[in-house]
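*Asks:* I am attaching a structure below and will ask some questions about it afterwards.
The values are calculated or read from the model by the stated rules, or taken from the named source; none is laboratory data. The shown structure was predicted, so the numbers you read here are calculated from the model rather than taken from an experiment. Cβ placement follows ideal geometry from the backbone for every residue including glycine, while neighbour counts extend to all protein chains displayed.
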């Protein structure tokens, strides 16, 4: 079950209770949302501190504005848009350079055994992909790639979340994959194309 | 059968589920037969899985319960500020509305109006635009100054 699906399932019980004034349910909902919102914000902002700020703002918005969630869209769709708006607001304020690659490289390093050459190669590969994700992709492509290949969302859902036609989302996804995967393969000469 | 050129092109675009030799597709058949393209597919799958794992491991600092409690406190504080702001706006509007319905020579609000072309009050001066008279009101709250421009034309 993807992170989004898991959160959606949890929210199905908690959101109605929270909207009817159950403070305990609201607290549980916010705790459940925090990690997911942080990871979305991390992809949006590319910076851990900024993602923390965005997460905090989203939790406050959830606390004050959950009543505005009409229930017509999926909760995770609504929450993603709230997160995206907060990230865009923050980006307008800060205009900092994205540093997603540093965050992901740090996480990869934490999960890597320093003595294991295979793991080191793997970590380098992940860092390379993260850097490509950061440096080479426009924001729309980065969002679509994250939702499709990391979160496992279908093009229709991506279109709904980002407010774009699913066909357009698919086009962004193709461009993003092409850029990233070509970058991955270009770094490994032993995988250079061989005609058959 | 698909050649390597076609396979490499698809490797760059296809969904992750199609990048395995088990996929029931032309690309899957090619990957079963071609070790080089299979290696390229494995490289892509490994890198994307690694990125997903690294992102999934990224967690915000601090305890969830503490962060949620802080957000709740901030939400309450902001809501309180909004209520105060709304009350101040309402009070200012009420003062203005009262002045609008009362005869101009009376001063029933107890505030100190000044109706002059140019007025100095509250540490700053207000210059009336041409054809207007400026009225500056200083209510009991020292944080509020009401500036009102009146037309000099009188209706008959």
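*Asks:* May I ask you to verify whether residue A:89 is surrounded by fewer than 17 Cβ atoms within 10 Å (Cβ to Cβ) and either at pLDDT 90 or above or in contact with a strand residue (DSSP E or B) (Cβ under 7 Å, 6 or more places away or on another chain) (or both)? Reasoning before the result, please.
*Replies:* Numbers: surrounded by fewer than 17 Cβ atoms within 10 Å (Cβ to Cβ): yes; either at pLDDT 90 or above or in contact with a strand residue (DSSP E or B) (Cβ under 7 Å, 6 or more places away or on another chain) (or both): no.
Answer is no for this residue.
*Asks:* Another one. Determine, yes or no, whether residue A:41 is on the phi < 0 side of the Ramachandran plot, touching a residue at least 12 places away in the same chain (Cβ under 8 Å) and crowded, with 24+ Cβ neighbours inside 10 Å. Can you show your working first?
*Replies:* Details: on the phi < 0 side of the Ramachandran plot: yes; touching a residue at least 12 places away in the same chain (Cβ under 8 Å): yes; crowded, with 24+ Cβ neighbours inside 10 Å: yes.
Taking the combined requirement at face value, the residue satisfies it.
*Asks:* Going through segment A:44-74 one residue at a time, which ones are more than 21 Å from residue B:69 (Cβ to Cβ) and either assigned by TED's automatic domain parsing to the domain that holds residue A:145 or under 16 Å from the mean Cα position of the chain (by Cα) (or both)? First the steps, then the outcome.
*Replies:* Narrowing segment A:44-74 to residues more than 21 Å from residue B:69 (Cβ to Cβ): A:44-48, A:50, A:68-74.
Within segment A:44-74, A:44, A:45, A:46, A:47, A:48, A:50 qualify.
*Asks:* Among (1) within 30 Å of residue A:58 (Cα to Cα); (2) facing chain A (nearest Cβ under 10 Å), there is one condition residue B:80 misses while meeting the rest; what is its number?
*Replies:* Single failed check for residue B:80: (2).
*Asks:* Considering only segment A:19-50, how many residues are assigned to a helix (DSSP H, G or I) and at pLDDT below 90? Show your work before the answer.
*Replies:* Kept after step one, since they are assigned to a helix (DSSP H, G or I), are these residues of segment A:19-50: A:19, A:23-45, A:48-50.
Subsequent filtering for residues that are at pLDDT below 90 retains A:19, A:23, A:42-45, A:48-50.
The qualifying residues number 9.
*Asks:* Quick one: in segment A:8-35, of everything that is in contact (Cβ under 8 Å) with a residue 40 or more places away in the chain and crowded, with 22+ Cβ neighbours inside 10 Å, which residue is farthest from residue A:145 (Cα to Cα)?
*Replies:* In the first step, residues of segment A:8-35 are kept if they are in contact (Cβ under 8 Å) with a residue 40 or more places away in the chain; the result is A:8, A:11-12, A:15, A:18-19, A:26, A:33.
Keeping just the survivors that are crowded, with 22+ Cβ neighbours inside 10 Å gives A:18, A:33.
Values: A:18: 32, A:33: 21 Å.
So, considering only residues that are in contact (Cβ under 8 Å) with a residue 40 or more places away in the chain and crowded, with 22+ Cβ neighbours inside 10 Å, the one farthest from residue A:145 (Cα to Cα) is A:18.
*Asks:* So if I check each of B:7, B:67, B:97, which one is touching a helix residue (DSSP H, G or I) at 6+ places or on another chain (Cβ under 7 Å), part of a helix (DSSP H, G or I) and more than 7 Å from every other protein chain (Cβ to nearest Cβ)?
*Replies:* Details: B:67 fails: more than 7 Å from every other protein chain (Cβ to nearest Cβ); B:97 fails: touching a helix residue (DSSP H, G or I) at 6+ places or on another chain (Cβ under 7 Å).
Matching residue, one of B:7, B:67, B:97: B:7.
*Asks:* Continuing with this model, one more query. Return the residues of segment A:132-164 that are within 16 Å of residue A:81 (Cα to Cα) and outside any helix (DSSP H, G or I); say none if nothing qualifies.
*Replies:* Matches in segment A:132-164: A:151, A:153, A:163, A:164.
*Asks:* Right, something else. Look through B:20, B:59 and report the one residue that is within 27 Å of residue A:39 (Cβ to Cβ), surrounded by fewer than 20 Cβ atoms within 10 Å (Cβ to Cβ) and within 7 Å of another protein chain (Cβ to nearest Cβ).
*Replies:* Working: B:20 fails: within 7 Å of another protein chain (Cβ to nearest Cβ).
Only one candidate passes the filter, namely B:59.
*Asks:* Have a look at A:126, A:144, A:118 and point out the one that is out of contact with any strand residue (DSSP E or B) (no Cβ under 9 Å at 6 or more places or on another chain), modelled with pLDDT under 90 and surrounded by 15 or more Cβ atoms within 10 Å (Cβ to Cβ).
*Replies:* Numbers: A:144 fails: modelled with pLDDT under 90; A:118 fails: surrounded by 15 or more Cβ atoms within 10 Å (Cβ to Cβ).
Among A:126, A:144, A:118, only A:126 is out of contact with any strand residue (DSSP E or B) (no Cβ under 9 Å at 6 or more places or on another chain), modelled with pLDDT under 90 and surrounded by 15 or more Cβ atoms within 10 Å (Cβ to Cβ).
*Asks:* If a residue must be loosely packed, with under 10 Cβ neighbours inside 10 Å and at pLDDT 70 or above, how many such residues does segment B:141-156 contain?
*Replies:* Of the residues in segment B:141-156, the ones loosely packed, with under 10 Cβ neighbours inside 10 Å are B:142-143, B:151, B:153-156.
Retained after the next criterion (residues that are at pLDDT 70 or above): B:142-143, B:151.
Adding up the residues that qualify gives 3.
*Asks:* What is the residue count in segment B:10-34 for residues that are under 48 Å from the mean Cα position of the chain (by Cα) and in a helix (DSSP H, G or I)?
*Replies:* Within segment B:10-34, the subset under 48 Å from the mean Cα position of the chain (by Cα) is B:10-25, B:27-28.
Remaining after also requiring in a helix (DSSP H, G or I): B:10-11, B:16-18, B:27-28.
Looking only at that region, the number is 7.
*Asks:* How about segment A:166-191: which of its residues are modelled with pLDDT under 70 and out of contact with any helix residue (DSSP H, G or I) (no Cβ under 8 Å at 6 or more places or on another chain)?
*Replies:* Hit for segment A:166-191 is A:189, nothing else.
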